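The values are calculated or read from the model by the stated rules, or taken from the named source; none is laboratory data. From a predicted model like this one, the values you see are computed outputs, not experimental measurements. Reconstructed Cβ throughout: ideal geometry from the backbone, glycine too, with neighbour counts over all protein chains shown.
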Amino acid sequence: MSEAPWLTIVGLGEDGPDGLPPASRAALERAEIVTGSARHLGLLPGLTARLETWPVPFADGLPLLLGHRGRRVVMLASGDPFWFGAGRVVAEALDPGEWTALPGPSSFSLAASRMGWGLEQVICLGLHAAPLTRLVPHLAPGRRLIVTLRDGDAVSGLAALLDARGFGASEVTVMEALGGPRERVTRGLAQTLQGVFAHPLVAAVAVAGDGPMVTLASGRADALFEHDGQITKRPVRALALSALAPRPYERLWDIGGGSGSIAIEWLQSDPTLQAVSVEARADRAARIRANAAALGVERLQVVQGTAPEALAGLARPDVIFVGGGLSADLLEALPRGVRLVAHAVTLESEALLAQAQARLGGDLLRIDLAEAAPLGARRGWKASYPVVQWRVAL
């Protein structure tokens, strides 16, 4: 660990040197090397330090930065480098004593000040390096969103997504080069928004419309998921998620993914969660990927293969759900020290769970559901196949 920080991460606004506080100015005057994007370097004319343009992709710049250990280096970043910025990635690559940070106002703070919105009531998303579908779980009338966007073309993509999902009445405020001489603010409805926009930009969205919403409770509508009939139905899924009991930073193995609904709802519970969906059929594995992307959790890892063989090499889970492909070999192969929830529909798999529960403990729950359906000129109860759920700590 270095005795003193050799790297200073400076948050830079669009007003260039005019907006820099004294500490940031002093760091730039002392620097031997200043690195950042070409746009950032262009905002600071007259620097005496050696200038290095940070390469694309971003990860390629880390080895170059680490090669400057022991020299006085300033890295330029946008606004607050630790709010959807480069700061976290750089800090994780260094020891704590090697760096210090001098953040500026974030794009989110500047945008909220233009809108008159309280940030504590706003959903902030960094979509400059992420798919726009991450918006989907947050689309509900009355929601206020502030999002960073990749480039000017992404504005039309944002408007099209809102309109396609039934939220074309949302008011979108596009803010370019906030805080600088090029600042420009454009307002319009998603369904009619047009224009040519330039990076850097953020968009504020006041959501309005009657499109389908991803509800907050477990057991989202079946219609949200593309499937071929192989799906854990909404009421059973709600009971499964309750039994899985997601906790921050946990990883799920969803074995027999089907449509991916269990793993997708798991990931929607908290942004720190991770999940792997294991599915034997190629068409269903592709459908799981599509469902995950469409519902804003593209981080879902999908593995095509048959368990237990397909489990080899996967990062160890905290929780396992078995919704299909249940067998004695699979139960024996599962790692110990994890929570398990398994569902059985057939008599054979039900007997397997009963035997396992007698040997290993845990709770058995039989789920019998029936829905009202036409019965001649009247109505009657149409029963679904009963599901047996086993919940246990292995």
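Name the pairs whose Cβ atoms lie under 8 Å apart, with the first residue in the range 215-234 and over 19 Å from residue 389 (Cβ atoms), the second surrounded by fewer than 17 Cβ atoms within 10 Å (Cβ to Cβ) and among the hydroxyl-bearing types (Ser, Thr, Tyr), and 6 or more positions between them or separate chains? Pairs found: 221/215. Picking from residues in the range 202-223 that are in a strand (DSSP E or B) and touching a Lys or Arg at 6+ places or on another chain (Cβ under 9 Å), the one that is farthest from residue 141 (Cα to Cα) is 204. Screening the range 15-48 for residues that are of a type in the set (Asp, Glu) and modelled with pLDDT under 90 and picking the one that is nearest to the chain's Cα centre (by Cα) gives 15. Given the condition modelled with pLDDT of 95 or more and part of a loop (DSSP other than H, G, I, E, B), answer yes or no: does some residue in the range 260-268 qualify? Yes. Considering the conditions (1) in a loop (DSSP other than H, G, I, E, B); (2) more than 30 Å from residue 109 (Cβ to Cβ), residue 254 is excluded by exactly one of them, (1). Test residue 143 against the criterion of being among the charged types (D, E, K, R) and closer than 27 Å to residue 86 by Cα, and give yes or no. Taking the combined requirement at face value, the residue does not satisfy it. Residues considered: 12, 7. Of these, the only one that is buried (at least 16 other Cβ atoms within 10 Å of the Cβ), among the hydrophobic types (A, V, I, L, M, F, W, C) and modelled with pLDDT of 95 or more is 7.
Summed over the range 1-18, the residues that are in contact with a strand residue (DSSP E or B) (Cβ under 8 Å, 6 or more places away or on another chain) and not in a loop (DSSP other than H, G, I, E, B) give a count of 6. Scanning the range 27-58 for residues that are part of a loop (DSSP other than H, G, I, E, B) and either outside the structural domain of residue 70 (by TED's automatic domain parsing) or surrounded by 13 or more Cβ atoms within 10 Å (Cβ to Cβ) (or both) yields 31, 32, 37, 43, 44, 47, 49, 54, 55. Residues to consider are 318, 329; find the one that is free of Cβ contacts under 8 Å to residues at least 60 places away in the same chain and surrounded by fewer than 20 Cβ atoms within 10 Å (Cβ to Cβ). Checking each option against the conditions leaves just 329. How many residues are surrounded by fewer than 15 Cβ atoms within 10 Å (Cβ to Cβ), over 20 Å from the mean Cα position of the chain (by Cα) and without any contact (Cβ under 8 Å) to a residue 40 or more places away in the chain if we restrict to the range 59-92? Number of matching residues: 5.
Counting residues in the range 376-386 that are in a strand (DSSP E or B) and either within 28 Å of the chain's Cα centre (by Cα) or in contact (Cβ under 8 Å) with a residue 60 or more places away in the chain (or both) gives zero.
Write out, first by first residue and then by second, each pair whose Cβ atoms fall under 7 Å of each other, whose residues are 6+ apart or on separate chains, and whose first residue, in the range 156-184, is over 10 Å from residue 203 (Cα atoms) while the second is among the aromatic types (Phe, Trp, Tyr) and part of a loop (DSSP other than H, G, I, E, B). Listed by first residue and then by second, the contacts come to nothing, as the list is empty. Among the helices (runs of 4 or more DSSP H) confined to the range 280-367, the ones with at least 3 residues that are farther than 21 Å from residue 226 by Cβ are located at 328-333, 347-360. May I ask you to verify whether residue 245 is closer than 26 Å to residue 143 by Cα and among the small types (Gly, Ala, Ser)? Criteria not met by residue 245.
In this structure, residue 74 does not satisfy being under 26 Å from residue 147 (Cα atoms) and either at pLDDT 95 or above or part of a loop (DSSP other than H, G, I, E, B) (or both). Scanning the range 241-277 for residues that are touching a Ser or Thr at 6+ places or on another chain (Cβ under 8 Å), buried (at least 24 other Cβ atoms within 10 Å of the Cβ) and closer than 17 Å to residue 314 by Cα yields a count of 3. Tell me yes or no: at least one residue of the range 91-102 is within 21 Å of residue 180 (Cα to Cα) and at pLDDT 95 or above. Scanning the range 91-102 turns up at least one residue that is within 21 Å of residue 180 (Cα to Cα) and at pLDDT 95 or above. Could you please let me know if residue 238 is surrounded by fewer than 17 Cβ atoms within 10 Å (Cβ to Cβ), touching a Ser or Thr at 6+ places or on another chain (Cβ under 8 Å) and assigned to a helix (DSSP H, G or I)? So residue 238 passes the test. Screening the range 103-154 for residues that are in contact with a Leu (Cβ under 9 Å, 6 or more places away or on another chain) and basic (Lys, Arg) and picking the one that is surrounded by the most Cβ atoms within 10 Å (Cβ to Cβ) gives 134.
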